[in-house]
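Novice: Structure incoming, see below.
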Amino acid sequence: MFRRGNTRKYLLLGVLIIFIIVLMNYTRFGRAGVSPVESALRDVVAPVQGLSINLGHRLRGLVSFPFSLVNAAKENQLMKERIGELEGRIYQDEELRSENERLKRLLDFKTVVAPQAGFNTVTAAVVGRDPGNWFGMITINKGSRNGLKPDMAVINDQGLVGRITSVNTYTAEVLLITDFRSGVSALIQDSRSPGIVEGTAGYPGKVRMVHIPIETEVTPGQVVLTSGFGSMYPKGIPIGRIQELGRDSSGLFNTAEVIPFVDFNRLEEVMVITGTGAQAGGVSALPDPWGVALNNSVAAPPTGVKNPAGSSGVVGQ
Amino acid sequence: MRLFYLLILVFLAAFCQGSLVTVFPFLWVNPDLVLLIVVFNAFLKGSREGALVGFFGGLFQDLATGSYIGMNALSLMAAGYLVGLTQSKLLRESSLIITFLVWLSSIAAQLISYILLASMEVYISPGVALLRVIIPTAIFTSILAPVFYPRFYKSCRKGMLRNRNI
């Protein structure tokens, strides 16, 4: 029935099937070890596999490159938007941090320094600035509605800013001490020498102290304070530090260039002194320059020098 | 409509000018942005419009200052008028010419302001006024001229500030 050649074929096929089944069984999943032959085979095959896989990746990259370009452009755009957004957030955070610091300093001043100095203050924000170069004026966002009146002194946590010249219902104009129309009755802290601090046109970073008696010793670095004369500025508000000395044209008085403590280019919030009372104790513990200034404003004058400020304590406006 | 846009521009310039020193602390004087616009416009449009825009520009500045109202209005009106006299006599495209004109008109405007202040018994030493206000303002303002003039000129030819005379 079967030819001899066919029988051999079927026999071989059967043997092959059995061999494969045995081999499959031998190499089934979960067995304990790998035979040396298998191991050698895998070692030979692995680099070839790696090469082909690498090639495949490269080809895939080549084929998908134009498509990935489209995606990259989109991703790039998204990234840029995200970076812009994050940068904006960083600037915003920076601005908030800086505002927070400023307000904290102002709050510290209002709650610690001002009560000890006997100042009743109203805090205001600077909302306008003279656009020209002749005058030094700012506009603040508080007015008669908040109890402000002309000639009230304006300060910040660094020192004297100026005085109010006109008041509207919601705003007020402040004449800075750097304006050439401003004159502040002042004294040098160490020597108690009196003088007038006046602004100079076009020089927002400096003021000038004039009419300093010629016999008094003035040295750079000395602190200048309000003297309280003229009843406009309370006594003991720090104004600035003497930088340079000179003699006026008549030769009868000394003059001095004074660098104000206040940075007039960065004024953002100020305080208006609406009233004054008695100084509390411990003013020397206050932050510089207020501590030193207020401490000295109540101290006795140095021996041999007439105290031009007259009575001690803060003079009401 | 053109004049309306121009006045809005002048108003914005007057508004921004006060905060320039705050934003750029290396400047110790404010460049006069309003004068810049007044001069640009007068150079292109003549003395009549130059004087008009100068007057309103100065008035904006005066209102922002809140004192001596009219001082800037007069000085900028004069500057606008004087620069306007050069219309069609000089090369309009030249940034160098406009820079020089801005410098000169700034000095003229500030000198007029100085004289007006003196007439109101506000005395500033001439040396201080010249060295600390007038000349620095003129220099800082004229430095900005070549930066902004090409844009202004373009806008006058093809943009919002365009009209048929250009």
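The values are calculated or read from the model by the stated rules, or taken from the named source; none is laboratory data. A quick note: this is a predicted structure, and the numbers were derived from the prediction, not measured. Reconstructed Cβ throughout: ideal geometry from the backbone, glycine too, with neighbour counts over all protein chains shown. Heavy atoms of the whole protein, side chains included, go into the accessibility calculation; ligands, DNA and RNA do not. Shrake-Rupley method; radii C 1.70, N 1.55, O 1.52, S 1.80 Å.
Novice: What residues qualify as long-range amide H neighbours of A:Arg129, i.e. H under 5 Å apart, gap of 5 or more or another chain, H built at 1.01 Å from N?
Specialist: Excluding prolines and chain starts, which carry no amide H, the hits are A:Thr139.
Novice: Another question, then. Relative to the longest principal axis of the C-alpha atoms of chain B, give the angle of the C-alpha long axis of helix B:95-119, reported between 0 and 90° and rounded to the nearest 10°.
Specialist: Relative to chain B, helix B:95-119 is tipped by roughly 40 degrees.
Novice: Here is a follow-up. Given a Förster distance of 30 angstrom, what is the FRET efficiency for A:Asp93 paired with B:Arg151, based on the Cβ-Cβ distance and rounded to 0.05?
Specialist: Details: r = 33 Å, r/R0 = 1.11.
Calculated value: 0.35.
Novice: At 1.4 Å probe size, what's the solvent-accessible area of B:Ile135? Round to the nearest 10 Å².
Specialist: Looks like 60 Å² after rounding.
Novice: Using the reciprocal of the averaged 1/r over all distinct C-alpha pairs, how large is the Kirkwood radius of chain B in Å?
Specialist: For chain B, inverting the mean 1/r across all distinct Cα pairs yields 15.7 Å.
Novice: Please give me the summed charge of the neighbours of A:Lys74: other residues whose Cβ is under 13 Å from its Cβ, Lys and Arg +1, Asp and Glu -1.
Specialist: After counting each charged neighbour, the total is 0.
Novice: With a 1.4 Å probe and all protein chains kept in place, how much accessible area does B:Leu130 have, in Å² rounded to the nearest 10?
Specialist: Looks like 70 Å² after rounding.
Novice: Under a GNM of chain B (C-alpha, springs under 10 Å), which listed residue has the highest mean-square fluctuation: B:Val102, B:Val122, B:Val133?
Specialist: Maximum fluctuation in the GNM of chain B, among the listed residues, is at B:Val122.
Novice: List, in order, the whole-Hz ³J(HN,Hα) value for each residue of the stretch A:161-178 obtained from phi through the Karplus relation with A = 6.51, B = -1.76, C = 1.60 and θ = phi - 60°; use x for Gly and Pro.
Specialist: These are the phi-based 3J(HN,Hα) values: 9, x, 9, 6, 9, 8, 10, 10, 5, 10, 9, 8, 9, 10, 8, 6, 5, 7 Hz.
Novice: Mind putting a number on the dipole of the stretch A:168-283 about its Cα centre? Charges go on the C-beta only, +1 for Lys and Arg and -1 for Asp and Glu, and I need it in Debye to the nearest 20. Could the numbers behind the result be given before it?
Specialist: Details: 8 positive and 12 negative charges, 26 e Å.
My answer is approximately 120 debye.
Novice: Can you give the accessible area buried between chains A and B, summed over both chains, with a 1.4 Å probe, in Å² to the nearest 100? Mind dumping the intermediate values first?
Specialist: Values: alone 19280 and 9100 Å², together 26450 Å².
Interface between A and B: roughly 1900 Å².
Novice: Below 11 angstrom from the Cβ of A:Val197, what's the summed charge of the other residues (Lys, Arg +1; Asp, Glu -1)? Walk me through the intermediate numbers first.
Specialist: Working: positive: A:Lys206, A:Arg208; negative: A:Glu198, A:Glu257.
Value of the local net charge: 0.
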